[in-house]
Amino acid sequence: MSTPPAAPPVSILASRQLAAWLAEVDVSLALTTYQAGKLFLIGRQESGRIGIFERTFGRCMGLWASADELWMSSLFQLWRFTDALAPGQRHDGYDRLFVPQVAYTTGDLDIHDVAVDGDGRPVFVNTLFSCLATISERASFAPVWRPPWISRLAAEDRCHLNGLALADGRPAYVTAVARTDVADGWRERRRDGGVVVDVATGEAVVDGLSMPHSPRLHAGELWVLEAGSGHLGVVDRERGTFERRVFCPGYARGLTFVDRFALVGVSALREERTFADLELGEALAERGAEA
């Protein structure tokens, strides 16, 4: 019998100010790491020190959180975690105990993002089939919406649909790496083919982006990560432009807001063609920096 490959080592480093910041904004964090296959929960212990909890889920990516529930995608399942504690109850000093209660087996759909709509229904970005979808009792998924340029549903990752923003409890905006309708067609348009699309109209509110990801509505503005250039910015929906606000020294995927702070997930560039010939690599070299 062959020995399964060892899991990649995981080390955790935190800035000295993290515990103080968590206390200041009174928040805990949940995040996934695609390469290491980990779900991390980061909060504060009763002593005031940082508390970290992790569990392994292969290819975990999309993550949505509320005060008492988590939804997370993994290699072939969509998981729902529920807080098992009663109001005011604590477990080992913590005020939340998220337990995996339901796992929907979807098969490998390459789910990149997930959210829960106003009806309590999970809606996820089905990247492999180039559509928005929800769970189904009889099939791997039930399609909800697909971009107007996608002629049919096929397991071909035609445009690399990857991000979803809700407005008033409904899907509002999505990101895609290119408006292509052939298998893996987006790979040749990674540098300037990206779009942010209005779900209601099917029209692009901005184009010409490099690998856009993680659209989020916050304080009346539409924020997007332009992963190919390493920027967090804002879409002007009237003018159809993208204003770069902050450079992030790495490949940016995953965005949320806490009060006046933007929290961005940033990873190192991998040695594969998906990350080759991007503006991000050039920007890092100019700054003498590494992701």
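Readers should treat all values here as calculations from the given coordinates under stated rules, not as data from a laboratory. Just so you know, these numbers come straight off a predicted model, no measurement behind them. Cβ placement follows ideal geometry from the backbone for every residue including glycine, while neighbour counts extend to all protein chains displayed.
Mean separation of Cα pairs under 8 Å and 6+ residues apart, divided by the residue count of the chain: what relative contact order is that in percent?
8 percent
If we sort 282-289, 118-125 on the protection proxy, mean other Cβ atoms within 10 Å, highest first, what's the order?
Most protected by this proxy first, the peptides run 118-125, 282-289.
Testing the spin-label approximation: label points 7 Å from Cα along Cα→Cβ at residue 35 and residue 97. State their distance in nm.
3.5 nm
Evaluated at 37 °C with a viscosity of 0.692 mPa s, what Stokes-Einstein diffusion coefficient in µm²/s does the range 62-106 have when Rh comes from the Kirkwood expression over alpha-carbon pairs? Mind dumping the intermediate values first?
Details: Rh = 11.2 Å.
Answer from the Stokes-Einstein relation: 294 µm²/s.
Taking the Kirkwood radius as the inverse of the mean 1/r across Cα pairs, report the Rg/Rh of the range 199-280.
Numbers: Rg = 12.9 Å, Rh = 13.3 Å.
Ratio value, two decimals: 0.97.
Which translational diffusion coefficient, to the nearest whole µm²/s, is obtained for the range 18-110 from the Stokes-Einstein equation, given a Kirkwood hydrodynamic radius over C-alpha pairs, 37 °C and 0.692 mPa s?
Calculated translational D: 234 µm²/s.
Counting only C-alpha contacts under 8 Å and six or more residues apart, can you give the relative contact order of the range 52-186 as a whole percent?
Relative contact order of the range 52-186: 16 percent.
Taking a quarter of the surface of the Cα convex hull of the range 142-214, what do you get in nm²?
So the Cα hull casts an average projection of 4.7 nm².
According to a simple spin-label model (label point 7 Å from Cα along Cα-to-Cβ), what is the distance in nm between residue 11 and residue 142?
In this crude spin-label approximation the distance works out to 4.8 nm.
State, as an integer percentage, the relative contact order of the range 37-107 based on alpha-carbon contacts under 8 Å between residues 6 or more apart.
23 percent
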